[in-house]
Amino acid sequence: MNKLKTWEEVRKDLNFTEEEEEEIRIESEIIKATIEAREKNNISQTELSKRTGLKQSAIARVERGAHSPSVNTLIKILTPLGYTLSVVPLKKIKK
């Protein structure tokens with residue numbers, strides 16, 4: 001029987017660079033903020049689908065992280081919720 005791996009063991013096996021890990025973290029934050037914006041507006045995925053022209057299943061894939069959305073898709077999702085994307089400087093991390 002196979003022993004279950006810890007997250008640290010899996011993470012080591014994936015062998016992500018620091019840059020790749022940062023990309024994953026940022027994308028995760030964007031998706032989380034997008035879900036929070038939809039929920040704050042009390043809009044279901046189905047209603048958002050009607051407002052955006054995107055399929056509900058596509059919105060669900062974005063929200064669960066199964067699909068990495070393009071900037072255009074994010075704008076389509078965020079605009080009817082009253083949000084937009086913004087480029088801001090990263091906080092400097094002390095090493």
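For each pair in Lys40/Lys76; Lys50/Lys76; Lys55/Lys76; Lys3/Lys32; Lys32/Lys76; Lys5/Lys91, compute the distance between the two Cα atoms and list the pairs where it is over 22 Å.
Listed pairs above 22 Å: Lys3/Lys32; Lys5/Lys91.
List Lys3, Lys50 from most exposed to least, where exposure is judged by having the fewest other Cβ atoms within 10 Å. List each step's numbers first, then the result.
Details: Lys3 6, Lys50 12.
Ascending Cβ contact count within 10 Å gives the list Lys3, Lys50.
Extent of the stretch 15-81 along each principal axis, from alpha carbon coordinates, in Å, largest to smallest?
On the principal axes, the stretch 15-81 reaches 40, 21, 17 Å in Cα extent.
I need to check one value: relative contact order of the chain, counting alpha carbon pairs closer than 8 Å and at least 6 residues apart, in percent.
It comes to 24 percent, rounded to a whole number.
Top mean-square fluctuation among Thr17, Thr84, Thr73, Gaussian network model of the chain, C-alpha springs under 10 Å?
Thr17
Name the residue, out of Ile24, Ile35, Ile59, whose mean-square fluctuation peaks in a Gaussian network model built on the chain with Cα pairs under 10 Å.
Looking only at Ile24, Ile35, Ile59, the biggest GNM fluctuation is shown by Ile24.
Taking the Cα centre of the chain as origin and charging only Cβ (+1 Lys, Arg; -1 Asp, Glu), how large is the dipole, in debye to the nearest 20?
Values: 18 positive and 15 negative charges, 56 e Å.
Dipole of the chain, to the nearest 20 debye: 260 debye.
Per residue of the stretch 14-24, in order, report the coupling 6.51 cos²θ - 1.76 cosθ + 1.60 (Karplus, θ = phi - 60°) as ³J(HN,Hα) in whole Hz, putting x for Gly and Pro.
5, 6, 6, 6, 4, 5, 5, 4, 5, 4, 4
Every read-out reported here was derived from the displayed coordinates using simple, explicitly stated rules and does not represent laboratory data. Just so we're clear, the structure is a prediction, and the values are computed from it rather than from any experiment. FYI the Cβ positions are ideal-geometry reconstructions off the backbone, even for glycines, and counts take in every protein chain you see.
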